[in-house]
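Single-structure report; data block below.
The values are calculated or read from the model by the stated rules, or taken from the named source; none is laboratory data. Model, not experiment: these values are computed from the prediction. Methodologically, a virtual Cβ is constructed for each residue, glycine included, from the backbone with ideal geometry; neighbour enumeration extends over all protein chains shown.
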Amino acid sequence: MTLSRVAFAGASATAVATAAILVRREQTRRSTERFAAAALETLLYAIDANDPMTGAHVRRVAAYALILGDAADLSEHECRNIERVALFHDIGKIHEALFDIIHDDTTLSPADRRAIATHPERGANVLEPLKRFYPDLAEGVLAHHERWDGSGYPRGLQGRRIPLAARVVAIADTYDAITHRRRYRDGQPAEVARRALLEGRGTQFDPALVDLFLFPPVVARVAAAEQEVMQWKPPMRKRRGHGDEENVPDITFRWRPGRYGSPARPASDPTRRTMR
């Protein structure tokens, strides 16, 4: 064998070995990403099992927040982050120290309110181990009770220092909290929620996002999404057999009937606005 052939054979063997390493790395990456997505899905089912009312609440908030993000013409990446923050913004309430307070029918004491105010930090701590896969999730959950004027908690962030996902979720969360029943009061008409958002415009909420959320075509989509989420049932989960691991499709959240809780719209739709 000539020297050139030996060199060629050696180079070929090196290329094959390198390709095999890259394939294994890609397989490992996909497996860990699927594991992370499965962990979030498991947490979402845990919310449902622990408190079905909260489970319904976070699904509605996610639907409304996605509609607002879509109307603001945010990127797919930004909308996915908003979706996750909305779905897990109240996960910190699944805690033994808070469960009885939240589900008690008596009036909340100042101490109770202080305890409940810890739920953003508790939620961020729960989600912190997934930061490698979802780097903005814990931060968004931590900030969803910050206020535009800096008077919110836990860190007193102001204006655009508040993560965009948290600003979007804060509006959707408030709207749903007012329009649906809580243990201490019945749900209020949408007009009451509209007035509350206007009163908080520029103090509690991002003013531009409030204006967009209250834009009539967006309000109509929110109303339609509310009905769709309320009627949605989780699909039956097929048991996976041995040997299926390599063919399992990438995991997605199964919490809503459509991409944004309503049919897709053309790019020229008047509810789309640029928001950066």
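Taking the conditions exactly as written (modelled with pLDDT of 80 or more, within 21 Å of Ala223 (Cα to Cα), crowded, with 17+ Cβ neighbours inside 10 Å and of a type in the set (Val, Ile, Thr)), does Ile67 satisfy them or not? Judged against the criteria, Ile67 is a match.
Scanning segment 167-221 for residues that are aromatic (Phe, Trp, Tyr) and touching a helix residue (DSSP H, G or I) at 6+ places or on another chain (Cβ under 8 Å) turns up Tyr175, Phe205, Phe213, Phe215.
Here is a yes/no grid of residues against (1) hydrophobic (A, V, I, L, M, F, W, C); (2) over 19 Å from Ile67 (Cβ atoms); (3) modelled with pLDDT of 95 or more:
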position	(1), (2), (3)
Val168	yes, no, yes
Arg181	no, yes, no
Ala196	yes, no, yes
Arg201	no, no, yes
Phe205	yes, no, yes
Leu209	yes, no, yes
Lys238	no, yes, no
His242	no, yes, no
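Residue count for segment 168-192, restricted to those that are surrounded by fewer than 22 Cβ atoms within 10 Å (Cβ to Cβ), of a type outside the set (Asp, Glu) and part of a helix (DSSP H, G or I): 6. For the subset of segment 114-167 comprising residues that are among the β-branched types (Val, Ile, Thr) and part of a loop (DSSP other than H, G, I, E, B), which member is farthest from Gly92 (Cα to Cα)? So the residue we want is Ile162.
Are any of the residues in segment 136-157 surrounded by fewer than 23 Cβ atoms within 10 Å (Cβ to Cβ), under 22 Å from Tyr64 (Cα atoms), in contact with a strand residue (DSSP E or B) (Cβ under 9 Å, 6 or more places away or on another chain) and of a type in the set (D, E, K, R)? Yes; the residues of segment 136-157 include at least one that is surrounded by fewer than 23 Cβ atoms within 10 Å (Cβ to Cβ), under 22 Å from Tyr64 (Cα atoms), in contact with a strand residue (DSSP E or B) (Cβ under 9 Å, 6 or more places away or on another chain) and of a type in the set (D, E, K, R).
When Ala49 is tested against (1) surrounded by fewer than 18 Cβ atoms within 10 Å (Cβ to Cβ); (2) in contact (Cβ under 8 Å) with a residue 12 or more places away in the chain; (3) of a type in the set (Gly, Ala, Ser), only condition (2) is not met.
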